[in-house]
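The values are calculated or read from the model by the stated rules, or taken from the named source; none is laboratory data. Everything numeric in this text was worked out from a predicted model, so none of it was measured. Backbone-built Cβ (ideal geometry, glycine too); neighbour counts: all protein chains shown. Heads up: the accessible areas ignore ligands, DNA and RNA and are worked out on the full protein's heavy atoms, side chains in. Shrake-Rupley method; radii C 1.70, N 1.55, O 1.52, S 1.80 Å.
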Amino acid sequence: MAKLWGGRFDGKNEAWIDAFGASIPFDQQLAKQDITGSLAHVKMLGKTGIISEEDAAAITAGLHTLAEKLAKNELVFTIENEDIHLNLEKMLHDEIGPVAGKLHTARSRNDQVATDMHLYLKEHVQGIVEKITDFREVLVAKAEEHTETIMPGYTHLQHAQPISFGHHLMAYYNMLTRDQERLAESLKRIDLSPLGCAALAGTTFPIDRQMTADELDFGGIYSNSLDGVSDRDFILEFLSNSSILMMHLSRFCEEIILWCSHEFKFVELTDTFSTGSSIMPQKKNPDMAELIRGKSGRVIGDLVGLLTVMKGLPLAYNKDLQEDKEGMFDTVHTVATSLEIMTGMIDTMKVHTKTMHDATEKDFSNATELADYLATKGIPFRQAHEIVGKLVLSCTQQGIYLQDVPLNEYQAISELIKEDIYDTLASKTAVVRRTSLGGTSFEQVEWQVQEAKKALNK
């Protein structure tokens, strides 16, 4: 089969060389966008008189036929035609004859593929932004439900201070809010039209780039044709934002995996988000959380892969840029699916509130409370810190906790210590007292929840 670009060549590639160079196995995912871009382009060609209105009408009808066949999954793509552009051009030729060749007037595959990818990402980033909203809503609802559920707060994965479980969830809400803001803000750079930049230098035909941009609902136009065909910053930014998002999901999944373990028993995932073992009948594995934790690596890899492709490319288009698509498609699918699973997993997750609370009563996470208490009695905090540290050491040697220390031993430290020390050492008291803005007190968590609800309702 003759190549649509084959006039310059008198040789013929071997099939395996064609297969290596072809992108159709993956860029067929751009078929809808390619047809959409072509419809805008041919409308402009006809309107400006670059081709006749009759030819424009014939091409438009043919493109609509291809769109209908695409919707019915009736299009058959071939390696011989390399990529989505040449495949669709060949199909259009089969539908309407040689007039199909006029569609490519004043256009190159360079600006054509860039347009396709802008259209693709514009649609899918908006979809991901909506999925993040769904997840944020679940996080807020769960946080409100567990505002007064007390759990150990950790640093270095060691019990640090007791906190509200709602407070913990709202930390992830804030991370996801920033993720959503980054993705939403990036849309203004995705929402640019490269159509009309042609191969690299623009075109001699009297095209109307504003018309095609308006037809495709782009918010702006690339002002430099070299930049328009070679820019992949908008994909890199998407991959970067997605990597941060997946890192946040991975951190959350790591905690869920720990909380599901026999050692923690803080939460239990429903059967929908768990799997069993082929050999150990007792197992209920948090496999969906583990998969999301693992899939964060492939998204980060997609970012590093494209950065590596781009770092040495001279202007303008280079065949290396064929490598920009698979990572983009992979990340879109991975992020969207991960968000859907996370939303359902957290929404249906059972929280063992008593186990969480009990974990704060059999530890030394109240040590800071005792140091603060001593400081309020006039003992310098650094001295109080040392006193409590030695007391914790003594308790660990005796196998008891701070709330088990007799009052007379406390009063040996300072006669100002009264029986209210035991109320101070209660984990609930420790949580309730942390009323600083953004703290873990119940009232502060409730404030965070209400502020989040306002934001979500805008």
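Results for (1) farther than 30 Å from residue 143 by Cα; (2) among the aliphatic types (A, V, I, L, M), shown as yes or no for each residue.
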position: 395; (1), (2): yes, no
position: 428; (1), (2): no, no
position: 431; (1), (2): no, yes
position: 457; (1), (2): no, no
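If you go through segment 324-379 one residue at a time, how many are outside any helix (DSSP H, G or I), touching a strand residue (DSSP E or B) at 6+ places or on another chain (Cβ under 8 Å) and of a type in the set (A, V, I, L, M)?
Qualifying residue count, segment 324-379: 2.
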Considering residues of segment 320-358 that are open to solvent by 50 Å² or more (accessible area, probe 1.4 Å), charged (D, E, K, R) and within 23 Å of the chain's Cα centre (by Cα) only, the residue farthest from residue 137 (Cα to Cα): 323
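Can you work out which of the residues in segment 420-432 that are touching a residue at least 24 places away in the same chain (Cβ under 8 Å) and outside any helix (DSSP H, G or I) is farthest from the chain's Cα centre (by Cα)?
Pass one, segment 420-432, residues touching a residue at least 24 places away in the same chain (Cβ under 8 Å): 421, 424-431.
Adding the requirement that they be outside any helix (DSSP H, G or I) leaves 425-426.
On the way: 425: 41, 426: 39 Å.
Across segment 420-432, the extreme among qualifying residues is 425.
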Residue count, segment 191-207 (criterion: more than 32 Å from the chain's Cα centre (by Cα), closer than 22 Å to residue 120 by Cα and either open to solvent by 30 Å² or more (accessible area, probe 1.4 Å) or among the basic types (Lys, Arg) (or both)): 2
Residue among 59, 51 that alone is modelled with pLDDT of 95 or more, surrounded by 19 or more Cβ atoms within 10 Å (Cβ to Cβ) and not in a helix (DSSP H, G or I): 51
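Being surrounded by 15 or more Cβ atoms within 10 Å (Cβ to Cβ) and among the small types (Gly, Ala, Ser) narrows it down to one of 71, 114, so name that one.
Working: 71 fails: surrounded by 15 or more Cβ atoms within 10 Å (Cβ to Cβ).
Answer to the selection: 114.
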Set 417, 387: member being surrounded by 12 or more Cβ atoms within 10 Å (Cβ to Cβ) and either aromatic (Phe, Trp, Tyr) or part of a loop (DSSP other than H, G, I, E, B) (or both): 417
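Among the listed residues 170, 246, 175, which satisfies the condition of being modelled with pLDDT of 95 or more, closer than 30 Å to residue 429 by Cα and buried (at least 24 other Cβ atoms within 10 Å of the Cβ)?
Values: 246 fails: closer than 30 Å to residue 429 by Cα; 175 fails: buried (at least 24 other Cβ atoms within 10 Å of the Cβ).
Result of the check over 170, 246, 175: 170.
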